[in-house]
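The values are calculated or read from the model by the stated rules, or taken from the named source; none is laboratory data. This is a predicted model, so every value here is computed, not measured. Neighbour counts run over all protein chains shown; Cβ positions are idealised from the backbone, glycine included. Note: areas computed on protein heavy atoms with side chains; ligands, DNA, RNA excluded. Shrake-Rupley method; radii C 1.70, N 1.55, O 1.52, S 1.80 Å.
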Amino acid sequence: MIDFLRKIFGLSSGKGIPAARPEKEVIASSAGDPSPVVLQAHEHGIDLNLVSRNAIRVVGTLQQAGYAAFIVGGAVRDLMLGEKPKDFDVATDATPEQVRRLFRRAFLIGRRFQIVHVRMGRDDLFEVTTFRGNSEKPAEVDESGRLLSDNTFGTQAEDAARRDFTINALYYNPTDQTLLDYHQGIRDLGTKTLRIIGDAEQRYREDPVRMLRVVRFAAKLGFTLDEATSAPIHQLHHLLDNIPTARLFDETLKLLMSGHAMSCLKELRAYDLHGRLLPLLDEALSDPKAARFIETALERTDLRINDGRTVSPGFLFAALLWPEVEVQWEAWQAKGEYPIPALAAAANTVLDRQTEALAIQRRIATDMRDIWLLQPRLERRSGKAVFRLLENPHFRAAYDFLLIRCDAGGLDAETGEWWKAFVAGSADERQALLESLSLRAAENSRSRKRRRRRRRRPSSAGSTDMPSAETPTTAT
Ligand code: ATP
Ligand code: MG
């Protein structure tokens with residue numbers, strides 16, 4: 001597809017509209033809107049079979065009522081890259097109220113951006129937004145330049161100029177299969193470049209979350225940031241301080257669930273953006289053992305997501321913060337606390353510190369705490385308690401978590417192997433596994449006693465410190 005994109009730069013666009021001029025940036029203004037480059041089906045090559053039938057219906061309904069309507073944003077980007085989009089956003093010149101009236105299941109949502117959620121079929125949900133424009137009056141911004149209100153409707157060209165990156169400002173009309181490109185997004189898709197539309201610093205000031213979005217797209221798509229797009233980020237990362245912690249949490253989750261979590265984390269660190277989101281992570285990543293655990297956990301997450309399986313946010317955050325929980329756990333035990341209450345106290349300390357940066361929802365925090373607190377119980381594997389653990393609603397997550405600890409070298413591999421065999425085993429096999437544990441416990445206690453006796457025995461001439469043949473050298 002990329003080769004194809006490169007090829008089409010040279011092609012003329014349809015309907016007498018000028019061909020893509022790679023070097024010329026189109027600046028949108030309400031007076032004399034620039035024309036987009038229009039590509040026909042054989043030029044852009046989008047496979048209509050990858051477009052959701054229901055998205056086509058939403059666009060069609062709007063168009064039949066006389067409005068302009070397009071698929072826009074990430075869906076067009078994914079289609080151009082030959083991928084099936086996970087969701088479809090629609091942009092139109094109908095107002096939210098006009099959109100609402102056209103669909104049986106349509107709901108107005110949002111205050112800052114009023115948008116319409118249209119439900120179609122069993123579980124399809126479409127976000128329909130009205131083209132945004134430049135306000136007549138100067139935009140309302142706070143002292144750092146952040147946009148406070150953004151609800152003025154505008155032309156399609158204005159809407160395109162308000163979008164974040166050139167590759168996100170493509171409009172696809174599935175009815176006649178034309179593709180409209182206002183900001184040379186096609187060129188940038190071809191050269192795998194992420195380029196912000198307009199003046200980078202101003203666009204980041206208007207909405208600092210765009211700095212996180214650029215990192216996510218770079219990692220997810222394997223694209224390079226254009227120089228002007230990346231340059232201001234180092235100076236502006238502090239602007240994230242003005243963003244509500246709940247929005248930061250949502251964006252962090254998107255980064256971690258992008259299917260490229262580890263590269264996102266690396267990019268976040270490279271741009272100094274991580275401190276505001278995951279302040280506890282810095283210390284953890286400077287310790288090789290902790291870094292290995294986090295890397296293993298994120299690799300697993302990426303694998304699951306790329307296989308189309310689900311990942312729970314609680315599990316993800318539990319993994320990212322586990323190395324810090326372990327540090328605090330030891331600290332509480334050093335203060336004389338028993339292991340289990342020490343772990344509970346450590347969990348609270350870490351959750352409190354992290355929640356100052358990101359508003360972790362209570363439900364997710366509960367999941368995290370449960371996964372952590374189940375760890376020593378899974379390690380102990382004592383008798384009947386093991387069967388009760390299997391019934392625990394968080395067992396599966398805690399078990400997967402334990403396996404990652406084993407794989408990353410934070411826990412002996414034997415514990416993981418035992419649990420794998422137990423989970424897969426028949427009733428008899430499970431019984432045998434439990435007995436093997438009791439036998440081992442008895443053997444351990446015997447060897448402990450032997451060692452104690454040996455220590456008490458006065459040393460006789462000729463005796464050495466070497467263990468006798470039947471004394472195990474290590475406790476297992
Ligand atoms: P994905 O859904 O894969 O995360 P996306 O590009 O579709 O990627 P959305 O958050 O769904 O991202 O947003 C849809 C579109 O809305 C974007 O493609 C972009 O055009 C526009 N958009 C979203 N957030 C912003 C923003 N903060 N500033 C400017 N435009 C934005
Ligand atoms: Mg999207």
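Observations on the model:
- Pairs, first open to solvent by 40 Å² or more (accessible area, probe 1.4 Å) in region 303-322, second in a helix (DSSP H, G or I), C-beta under 7 Å, six or more apart: 312/367; 312/397
- A count restricted to region 44-54 and to residues that are open to solvent by 10 Å² or more (accessible area, probe 1.4 Å) and either in a helix (DSSP H, G or I) or closer than 17 Å to residue 95 by Cβ (or both) stands at 5.
- Listed by first and then second residue, the pairs linking a residue in region 63-74 that is in the same structural domain as residue 180 (by TED's automatic domain parsing) to a residue that is of a type in the set (Gly, Ala, Ser) and more than 10 Å from ligand 1 (Cβ to nearest atom), with Cβ atoms under 7 Å apart and 6 or more places separating them unless they lie on different chains, are 63/69; 67/94; 71/55.
- Among residues of region 328-354, those that are in contact (Cβ under 8 Å) with a residue 40 or more places away in the chain and open to solvent by 10 Å² or more (accessible area, probe 1.4 Å), counted: 1
- Residues within region 55-76 that are more than 11 Å from residue 173 (Cα to Cα) and crowded, with 22+ Cβ neighbours inside 10 Å, tallied: 4
- Within this structure, residue 280 fails the test of being under 17 Å from the mean Cα position of the chain (by Cα) and open to solvent by less than 50 Å² (accessible area, probe 1.4 Å).
- When residue 211 is tested against the conditions (1) over 24 Å from residue 70 (Cα atoms); (2) open to solvent by 20 Å² or more (accessible area, probe 1.4 Å); (3) more than 13 Å from the chain's Cα centre (by Cα), the lone failure is (2).
- Between 251, 201, the distinction of being away from ligand 2 (no atom under 16 Å from the Cβ) and either over 21 Å from the mean Cα position of the chain (by Cα) or not assigned by TED's automatic domain parsing to the domain that holds residue 94 (or both) belongs to 201 only.
- Residue in region 230-242 that is open to solvent by 60 Å² or more (accessible area, probe 1.4 Å) and assigned to a loop (DSSP other than H, G, I, E, B) present: no
- Failed criterion for residue 263 (all others in (1) under 20 Å from residue 319 (Cβ atoms); (2) within 16 Å of ligand 2 (Cβ to nearest atom); (3) in contact (Cβ under 8 Å) with a residue 24 or more places away in the chain hold): (2)
- Per-region count, region 71-93, residues more than 13 Å from ligand 2 (Cβ to nearest atom) and out of contact with any helix residue (DSSP H, G or I) (no Cβ under 6 Å at 6 or more places or on another chain): 3
- Region 184-205, residues that are part of a helix (DSSP H, G or I), basic (Lys, Arg) and closer than 14 Å to residue 77 by Cβ: 187
- Whenever a residue of region 85-105 is open to solvent by less than 50 Å² (accessible area, probe 1.4 Å), its partners that are within 14 Å of ligand 1 (Cβ to nearest atom) and part of a helix (DSSP H, G or I), lying with C-beta atoms within less than 6 angstrom and at least six residues away or across chains, give the pairs 85/75; 85/78; 88/55; 88/75.
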